[in-house]
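Structure record follows, encoded as structure tokens.
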Amino acid sequence: MDEKLELRFPKQFLWGCATSAHQIEGGLTNDWSDWEKSERRTKHLQKLNLNPADFISGLAANSFVEQNADIACMKELGLNAYRFSVDWSRIEPQPGVFDETALATYLEFIKKLRAHGIEPLLTLWHWPVPLWARDLGGWQSGKIIEPFLRFVEKTVNYLNQEVNFWITLNEPTVYTSQSFLAGVWPPQKKSLLAYYQVIGNLIKAHRQAYDIIKKIDANNQVGIASHNIYFEAKGNKPINRWLKAGADWWWNDRFLKKIDDKQDFIGLNYYFHNLINYKFGRHHDYEKYSDMSWGLHPEGIYHLLKDLKKYNKPIYITENGLADKGDQHRSWYINEVLQKVHQAIEAGVPVKGYFHWSLIDNFEWSHGFEPRFGLFEVNFQTFERLARPSAQFYADICQHNRVFK
Ligand code: IFM
């Protein structure tokens, strides 16, 4: 039998999982929860013969209450890091009025993480905004920036003692295109102008938030989680290469370059490969697909990491995962992706951590509760967490700091 090759990761590599507040916490009132129950949304789902109740985040995985259950999952995996977000509407339900109990609950959670040797990576904004911020015009209006910075300052001041890593924005390009160009997420706009305005406002917000977070503590490490796609030019044809250069510039690099002097690390969220053959397309014969029909292409992460080396900053893989209810491909995918990550590290890319999306099943935005991204299955009636076989597989990697080839 062939001996397996052990690929060891650098000492102090962060092994984590990632989640976000709206997707797991439950009990939130923000622009998303409002939209989920709106007439427009309800009618749309009914037309598709879907039950609107399955698309309302509601109590989600009840994680705001089930802190200990989530931490028990992390312990079972042997994580030394965890990426999660706070929810702006929970912390600042009314403009300028902060909920100290909510902040205290987040602080308590973070202290528990630390007590278990788990380094928190805290995302400040993972898409929803409070209703009052939506009513100011949301991210399309420059009026949102000042309140956003006020929320950032308050939250960072409150939690700073326990948190070193701050992610200001999650996947700004995905949010902007889904919410303001494709019109599928709230506020369901389809406007190029709005799209440009929102990107501009998010860039401004990050840049100023960066200064605030560094002023509070110069040792803080600040970045964003960027959803980069591996664009591949088929056959290396000139037209395909040209399209790739444009897509890389617009989708992968533009935002990161605009904030390059205001970020300490690069956060990479990796899910997609796009094979360009005279046009963009996800259509390609992949060996395996997720439950959402996303083609699984582990190799893409290697190319993206090599490319991100140019920023000359530490890189954290802040998300990577798949919807796989039956857990058929998750272990395979994790193993393949991590082999590629290891290859990138060997090639000199400073990758410092990997966060699997996701720790537990959660609310997958407009797709509702059906896609199951969790290493742990969640029973959404009892909120019980149950390890899928891949949890054991990932635990073995985290606990031994290695994968096998
Ligand atoms: O669930 C999302 C997450 O909120 C952002 N990144 C992609 C994940 C899977 O779609």
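Checking 239, 213, 199 one by one, the residue that is surrounded by 22 or more Cβ atoms within 10 Å (Cβ to Cβ), among the β-branched types (Val, Ile, Thr) and closer than 28 Å to residue 305 by Cβ is 213 and no other. Of the numbered criteria (1) assigned to a loop (DSSP other than H, G, I, E, B); (2) surrounded by 16 or more Cβ atoms within 10 Å (Cβ to Cβ); (3) among the small types (Gly, Ala, Ser), the one residue 226 fails is (1).
What about residue 347, is it more than 22 Å from residue 374 (Cα to Cα) and either in contact (Cβ under 8 Å) with a residue 40 or more places away in the chain or surrounded by fewer than 18 Cβ atoms within 10 Å (Cβ to Cβ) (or both)? It is true that residue 347 is more than 22 Å from residue 374 (Cα to Cα) and either in contact (Cβ under 8 Å) with a residue 40 or more places away in the chain or surrounded by fewer than 18 Cβ atoms within 10 Å (Cβ to Cβ) (or both). For the range 323-378, the tally of residues that are within 16 Å of the ligand (Cβ to nearest atom), in contact with a strand residue (DSSP E or B) (Cβ under 8 Å, 6 or more places away or on another chain) and aliphatic (A, V, I, L, M) stands at 6. Restricting the range 19-50 to residues that are within 16 Å of the ligand (Cβ to nearest atom) and of a type in the set (S, T, N, Q) leaves a set whose member that is surrounded by the fewest Cβ atoms within 10 Å (Cβ to Cβ) is 33. Consider the range 36-45 and keep the residues that are within 19 Å of residue 363 (Cα to Cα) and in a helix (DSSP H, G or I). The one that is nearest to the chain's Cα centre (by Cα) is 36. Against the conditions (1) of a type in the set (Ser, Thr, Tyr); (2) within 16 Å of the ligand (Cβ to nearest atom); (3) over 30 Å from residue 80 (Cβ atoms), residue 195 satisfies every one except (2). What are the residues in the range 222-247 that are touching a residue at least 60 places away in the same chain (Cβ under 8 Å) and away from the ligand (no atom under 16 Å from the Cβ), if any? Across the range 222-247, the qualifying residue is only 232.
Being under 26 Å from residue 126 (Cα atoms), among the aliphatic types (A, V, I, L, M) and within 14 Å of the ligand (Cβ to nearest atom) is a property that holds for residue 296.
Only one of the numbered conditions (1) surrounded by fewer than 20 Cβ atoms within 10 Å (Cβ to Cβ); (2) within 15 Å of the ligand (Cβ to nearest atom); (3) modelled with pLDDT of 95 or more is not met by residue 282, and that is (3). Yes or no: residue 16 part of a strand (DSSP E or B), surrounded by 14 or more Cβ atoms within 10 Å (Cβ to Cβ), within 16 Å of the ligand (Cβ to nearest atom) and touching a residue at least 12 places away in the same chain (Cβ under 8 Å)? The answer is yes for residue 16.
The rows are residues; the columns are (1) within 16 Å of the ligand (Cβ to nearest atom); (2) within 23 Å of residue 191 (Cα to Cα).
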{"position": "80", "(1), (2)": "no, no"}
{"position": "83", "(1), (2)": "yes, no"}
{"position": "90", "(1), (2)": "no, no"}
{"position": "93", "(1), (2)": "no, no"}
{"position": "99", "(1), (2)": "no, no"}
{"position": "118", "(1), (2)": "no, no"}
{"position": "123", "(1), (2)": "yes, no"}
{"position": "139", "(1), (2)": "no, yes"}
{"position": "145", "(1), (2)": "no, yes"}
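Only one of the listed residues (174, 222, 163) is β-branched (Val, Ile, Thr) and in contact with a Leu (Cβ under 6 Å, 6 or more places away or on another chain). That residue is 163.
Quick check on residue 331: is it within 22 Å of residue 70 (Cα to Cα) and surrounded by fewer than 22 Cβ atoms within 10 Å (Cβ to Cβ)? When the stated conditions are applied, residue 331 passes them.
The values are calculated or read from the model by the stated rules, or taken from the named source; none is laboratory data. All of these numbers come straight from a predicted model, not from anything done at the bench. Note that we place each Cβ from the backbone using ideal geometry, even for glycine, and neighbour counts take in every protein chain shown.
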